[in-house]
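Peer 1: Take this structure first; my questions come after.
The values are calculated or read from the model by the stated rules, or taken from the named source; none is laboratory data. Just so it is clear, the structure is predicted and the values come from calculations on it, not from any experiment. As a convention, Cβ positions derive from the backbone with ideal geometry for all residues, glycine included, and neighbour counts pool all protein chains shown. Ligands, DNA and RNA are stripped out before the accessible areas are found, and what is left, the full protein with its side chains, is counted by its heavy atoms. Shrake-Rupley method; radii C 1.70, N 1.55, O 1.52, S 1.80 Å.
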Amino acid sequence: MQFGIFTVSDVTTDPTNNTTPTEHERIKALVAIGKKAEEVGLDVFALGEHHNPPFVSSSPTTTLAYIAAQTEKLILSTSTTLITTNDPVKIAEDFAMLQHLADGRVDVMMGRGNTGPVYPWFGKDIREGIPLAIENYALLHRLWREDYVDWQGKFRAPLQGFQSTPRPLDDVPPFVWHGSIRSPEIAEQAAYYGDGFFANNIFWPKEHYMQLIAYYRQRFEHYGHGSADQAIVGLGGQAFMAKNSQDAVKQFRPYFDNAPVYGHGPTMEDFTEQTPLTVGSPQQVIDRYAAMRDYYGDYQRQLFLMDHAGLPLKTVLEQLDILGEEVVPVLRKEFAKNRPAHVPDGPTHANLVAQRDAAALVKAADDATAPGVLTK
Amino acid sequence: MTRRIAVISAGLSQPSSTRLLADRLTQAVQQSLADSGEDVTVDIIELREIAQDVTSNLITGFANPKLAAAIEKVTTADGVIAVTPIFTTSYSGLFKSFIDILDPQSLTDMPVLIAATGGTERHSLALDYAMRPLFSYLHAVVVPTAVYAASSDWGHGADAGSSSLPDRIGRAANELAALVMTSTRSTRVIDPFALPAGFSPVGGYGAQ
């Protein structure tokens, strides 16, 4: 089980003192937050991609490479990489390069993006969001696995004899998650490839995501990648903590009330009841998230949103201390209890290399014993 | 089988003449169905009671459990009676907000009776230039007779002839009842994970 944080990289005014970080300050804060994630024992730092203010993260691989250079164990990931408006060839190249630089500590989460104007800004049509996600990823999947690719599709120029460089580290592509809030097509796509499925789990009630994940698990099994409980599931989450829960409520309320997305809408009490947002003591966060496996089954990755809505860097770093020191160690123990041995761990480069080698051994043994079958 | 009707009432005051009109229409539709030997159950959605939930949904993008239950009652009914006050030449903002949070496909082929209240008869055409196109856009089936009740209508008897309020209510109710009687909407199973026809997880190329 992997634990980490994901960020949308918003530059938001702190409602308690009306100060706004500069883009430069926010970018440096992202780096500090990434390094802190490793320091407090988290496994993953995932960064979003946006092409409009108030967000600063337009070039995640640049930022992630910079953090990779200053960390040792942290897995660098995205939340999400826009599979619709980016050229899949450039995604193949950027993430393979990052994978080499970070010695394999890289995976990637595909998302469509829901900011309408970004599509035309990149020459695309939002009404084609799903077909773009499907076709672009089909190409990306081949670019990482075939040395020379001939390809023709609807959305980009054809390729003849194209080789994407560098080749993935150890010829094992970065692990891919597909993120979706509501589209069964994307759950189907993740299941088809045997990739991971990530439910952001932040904005909607859990019942919705329970259905979506159950669907993905069922289709994962249908496509022959293993049993439904072996499908690779990631979940988002959101917490704000203080030793006394009333202090957490008091401290977080102005940020909640003014937050992008849900601010000025439901009360914090309603929203914490209806979604996984938990504002309270570390124990409350432990209880809430330890129960997630009861709803979604044993899963592989839990990411928390900790740094948005104008929270100052100092507060975010304090929150990460609490998360890493008090919450995640207990959650690791809770999630390990009665976890069936056949449920996979969270994906790492080392795991994927081992899987690939084990599969090759099995195949070689089969080929050697199969009578009358020529081995390649 | 028992048919289900959902009534959307967007009146803001309590008591409201919008709800009064909604109740009269509901009774008339029930009567018309009963005359044809049909059982009917009615769910009344008072938008005033879920106004804050509707606003939260506009902001957060999801319906809380209370609102989700109301939406489900509307979208899985065999027929809808939609009644709004006319404000500033059109349906009320709350009424439109509720319609806005529905899945745009969810009212396809839904029999709908549209009705409205207002202070004077001057706004009666709002039903035909605002309400009717709204539901046409959503591919609902709107019955020909729309019922508008101005304040003065509540003071006329049936003696006003074919243009009296009771007469219009009866005519519209019969039109809706005829459609509700043949509707199978309330018994349909809706699969939220149904993939579009022809969908392939690898897209056009390589799907073979």
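Peer 1: In whole angstrom, note down how far apart the Cα centers of the range A:299-331 and the range A:191-260 are.
Peer 2: 15 Å
Peer 1: Under a cut-off of 20 Å between alpha-carbon atoms, report the aspartates and glutamates in cross-link reach of B:LYS73, not counting same-chain residues fewer than 8 places apart.
Peer 2: Cα-Cα hits under 20 Å: A:GLU207, B:ASP23, B:GLU38, B:ASP39, B:ASP43, B:GLU46, B:GLU49, B:ASP53, B:ASP100, B:ASP103, B:ASP109, B:ASP191.
Peer 1: Could you give the length gained by full extension between B:ALA51 and B:LEU195, i.e. 0.36 nm per residue of separation minus their alpha carbon distance, to one decimal place?
Peer 2: Length gained, B:ALA51 through B:LEU195: 48.5 nm.
Peer 1: So what's the protein assembly as shown giving for Rg/Rh, alpha carbon basis, Kirkwood Rh from the mean inverse pair distance? Mind dumping the intermediate values first?
Peer 2: Details: Rg = 28.1 Å, Rh = 26.9 Å.
Rg/Rh for the protein assembly as shown comes to 1.05.
Peer 1: Sequence-distant or interchain residues sharing an amide H contact under 5 Å with B:ILE45, placed H: which?
Peer 2: Amide H neighbours of B:ILE45, under 5 Å, 5+ apart: B:VAL7, B:ILE8, B:SER9.
Peer 1: At what distance in nm do the modelled label points of A:THR267 and A:HIS51 sit from each other, each positioned 7 Å from its Cα along Cα→Cβ?
Peer 2: Roughly 4.2 nm, to one decimal.
Peer 1: What ³J(HN,Hα) values, in whole Hz, does the Karplus curve 6.51 cos²θ - 1.76 cosθ + 1.60 give for the range A:83-98 when θ = phi - 60°, with x put for Gly and Pro?
Peer 2: Listing the rounded values in order: 6, 8, 9, 7, 6, x, 5, 6, 4, 4, 5, 4, 7, 5, 4, 4 Hz.
Peer 1: How much length would be gained if the chain were fully extended between A:ALA364 and A:GLU128, taking 0.36 nm per residue of separation minus their Cα-Cα distance, in nm to one decimal? Please report the intermediate quantities before stating the final value.
Peer 2: Details: separation 236, 0.36 × 236 = 84.96 nm, distance 4.26 nm.
Result for the pair: 80.7 nm of gain on full extension.
Peer 1: Taking just the alpha-carbon atoms of the range A:67-165, what radius of gyration and Dmax come out, in angstrom?
Peer 2: In order Rg, Dmax, the Cα atoms of the range A:67-165 give 14.4, 41 Å.
Peer 1: log10 I(q)/I(0), Debye, Cα-only chain B, no solvent, q = 0.12, 0.13, 0.18 Å⁻¹?
Peer 2: -0.62, -0.72, -1.29
Peer 1: Calculated FRET efficiency, B:GLN14 and A:ASP257, Cβ-Cβ r, R0 30 Å, to nearest 0.05? Provide the component values of the computation, followed by the final result.
Peer 2: Numbers: r = 29 Å, r/R0 = 0.98.
The value I calculate is 0.55.
Peer 1: Then there's this: Could you derive backbone 3J(HN,Hα) for the range A:350-357 from the dihedral phi with the Karplus parameters 6.51, -1.76 and 1.60 (θ = phi - 60°), listing whole Hz in sequence and x where the residue is Gly or Pro?
Peer 2: Residue by residue, the range A:350-357 yields 4, 4, 5, 5, 4, 4, 4, 5 Hz.
Peer 1: A further question follows. Run down the lysines and flag those whose C-alpha is under 27 Å from the C-alpha of A:LYS314, throwing out any fewer than 8 positions away in its chain.
Peer 2: By straight Cα distance, A:LYS314 reaches A:LYS28, A:LYS35, A:LYS36, A:LYS73, A:LYS243, A:LYS250.
Peer 1: Could you give me the ³J(HN,Hα) list for the range A:48-62, computed from phi with Karplus coefficients 6.51, -1.76, 1.60 and θ = phi - 60°, whole Hz, x at Gly and Pro?
Peer 2: x, 10, 9, 10, 8, x, x, 9, 9, 8, 8, 10, x, 5, 4
Peer 1: Here's something else I'd like to know. Dipole size in debye (nearest 20) for the protein assembly as shown around its Cα centre, Lys and Arg Cβ +1, Asp and Glu Cβ -1?
Peer 2: Numbers: 47 positive and 66 negative charges, 42 e Å.
Charge dipole, the protein assembly as shown, about its Cα centre: 200 debye, nearest 20.
Peer 1: Using protein heavy atoms only (no ligands, DNA or RNA), what is the total accessible area buried between A and B, 1.4 Å probe, nearest 100 Å²?
Peer 2: Answer for the A-B pair: about 1900 Å² buried.
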